[in-house]
1. So, of the residues in segment 154-171 that are outside any helix (DSSP H, G or I) and surrounded by fewer than 22 Cβ atoms within 10 Å (Cβ to Cβ), which turns out to be nearest to the chain's Cα centre (by Cα)?
2. Looking only at residues that are among the hydroxyl-bearing types (Ser, Thr, Tyr) and assigned to a loop (DSSP other than H, G, I, E, B) in segment 88-141, which one is nearest to Gln182 (Cα to Cα)?
3. Cβ contacts < 8 Å: first residue within 20 Å of Asp229 (Cα to Cα) and touching a residue at least 60 places away in the same chain (Cβ under 8 Å), restricted to segment 48-76; second residue assigned to a loop (DSSP other than H, G, I, E, B) and not small (Gly, Ala, Ser), any location; separation 6+ or different chain. Result?
4. Quick one: Thr235 ticks every box in (1) closer than 21 Å to Thr35 by Cβ; (2) in a strand (DSSP E or B) bar one, so which box is it?
5. Is it the case that segment 99-109 has a residue that's surrounded by fewer than 19 Cβ atoms within 10 Å (Cβ to Cβ), over 26 Å from Gln207 (Cβ atoms) and of a type in the set (A, V, I, L, M, F, W, C)?
6. Anything in segment 122-153 that is more than 20 Å from Asp75 (Cα to Cα), among the small types (Gly, Ala, Ser) and crowded, with 21+ Cβ neighbours inside 10 Å? List them, or say none.
7. Cβ-Cβ below 6 Å, separation at least six or inter-chain, first residue in segment 211-238 and closer than 21 Å to Asp75 by Cα, second assigned to a strand (DSSP E or B) and of a type in the set (Gly, Ala, Ser): which pairs?
Amino acid sequence: MRRIVIVALLAIMPAIVLWGQTVTESSNEGHQIATQGTIRVKMQTSLGDIIVRLYDSTPIHRDNFVKLVKEGFYDGTLFHRVIKNFMIQGGDPNSKNATADQQLGTGSPDYTLEAEIRSGLYHKRGALAAARKGDETNPERRSSGSQFYIVWGRTFSPRQMEFLVEKMKSEHPETGGWTEEQQNIYATVGGSPHLDGEYTVFGEVEQGLDVVEKIQNAPTGIADRPVEDIVVRMTVIE
């Protein structure tokens, strides 16, 4: 079985800006509505705790994540794939008690989730999103039933963003472009904008971004697995 991965933009062309959109008050209000949520999950790790808020605008992913957390599905799993300046990935049930040489990344429940890709939800630093198989075998972009990732990413210069603007406009014209807020976030805070329109973002880190930074800086070995296991336990905060 192929590993469930998210596609990293390992090299970015020298010329890159944000694709333009006339920003209105309603567009920013739409983003605020899209990111609302009352359910939070605490991720306890060996490097500290992370608290994420789940979005009400992605109810399929929210409810599935809560269900798995309450069942203890994630307890004992690892952040099994870590790429510096990109993201940290977890949720593979096969990572529980995995041996040091065991290849991870294929495990999941026996189901996938319908994509909930929303234009107001994007891959800013701290975004919580669902991993999935690639478009060639998964053209509907259905999400893994359990695997997720938290974005770290990087910041982008105006020249770099110029390239991304044109690329995203041609590949995802349905998004209508980035809002002024999104442009500012990618330029100053950071993220992974090349993933926008490709994966379902269903939450964000509210506390513990410093822990995400520690994890994404962890030394890694084969298949981007941390040399020292980073074990996860989760609880729902409602």
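Each reported figure results from applying straightforward, stated rules to the coordinates on display, with no laboratory input. Small disclaimer: the values here were computed from a predicted structure and weren't measured. When we count neighbours, we look across all protein chains shown, and the Cβ atoms used for this are built from the backbone with ideal geometry, even at glycine.
1. Arg154
2. Only one residue fits best here, namely Tyr122.
3. Matching pairs, first to second residue: Phe73/Pro109; Gly76/Lys96; Gly76/Asn97.
4. Unmet condition: (1).
5. yes
6. Within segment 122-153, the first condition is being more than 20 Å from Asp75 (Cα to Cα), and the residues that meet it are 122-127, 132-143, 151-153.
Cutting the leftovers down to among the small types (Gly, Ala, Ser) gives us 126-127, 134, 143, 153.
Selection gives Gly126, Ala127, Ser143, Gly153.
7. From residues that are closer than 21 Å to Asp75 by Cα, the pairs are Val211/Gly48; Val232/Gly90.
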